[in-house]
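As structure tokens, the structure follows; a few thoughts come after it.
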Amino acid sequence: MSTVDFNKMLLSNAEFLKPFAVTLTHDTEAAKDLFQETLYRALANQDKYNVGTNIKAWLYTIMRNIFINNYRRKAKQSTIFDSTPNEYLLNLNQGAVANEAIAGINLKEVQAAIHNLPEIFRNPFLLYFDGFKYHEIADMLGEPLGTIKSRIHFARKLLKAQIQRH
């Protein structure tokens, strides 16, 4: 494919990238920069484009990769390394005394709240709590995966509301 043909194809498909850039960045100025960087990389890597493949998908992939790389770079730059000695943390918990009675009461309260859940929510929640994956629970109970996720979510909400009342 000639450079002229590639440039025409690139320009005719470039406008679809602008809304995607705004969606990724949530900032119009950053989206403009991302859009320009994407077009630059597409032009610079024209030889890597396979004729006949979906150019929109190729451009979206370039844009997504640039965004992810920039995000990772910013995350690394904002990481602060603390080189101060952490010796004061060694004896941090020595002043605190564990209160087994309160812990026992809290555990009994949680167990009672779980026992008071409607059976339709209790069974999937207990299986999930025991370490089973969503799809395993769905297979065991013969229910759709979305239903299981929903029931576990509602069980959590009910438990949270019940425990906060006490």
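Rule-based calculations on the coordinates, nothing more; no lab input. These figures come from a predicted structure and were not determined experimentally.
Can you spot the aspartates and glutamates whose alpha carbon is less than 20 Å from Lys160's alpha carbon? Ignore those fewer than 8 places along the same chain.
In chain and number order, the partners are Glu109, Glu119, Asp130.
Projected area of segment 3-77, taken from the Cα convex hull and averaged over every viewing direction, in nm²?
Projected area, direction-averaged: 5.1 nm².
Considering only lysines 8 or more places apart in sequence, or on different chains, count the pairs in segment 3-77 whose C-alpha atoms sit under 17 Å apart.
For segment 3-77, the number of qualifying lysine pairs is 5.
What percent do you get for the relative contact order of segment 100-165 when only Cα pairs under 8 Å and 6+ apart count?
40
Mind checking which lysines have their Cα closer than 27 Å to the Cα of Lys157? Skip sequence neighbours fewer than 8 apart in that chain.
Straight-distance partners of Lys157: Lys108, Lys133, Lys149.
Taking a ≥ b ≥ c as the square roots of the Cα gyration tensor eigenvalues, with a/c under 1.5 meaning rounded and otherwise prolate when a/b beats b/c, else oblate, which class fits segment 100-165?
Since a/c reaches 1.5 and a/b is larger than b/c, the shape of segment 100-165 is classed as prolate.
Pulled fully out, how much extra length does the chain show between Glu136 and Gln46, if you take 0.36 nm times their separation in residues and subtract their Cα-Cα distance?
Between Glu136 and Gln46, full extension yields an extra 27.8 nm.
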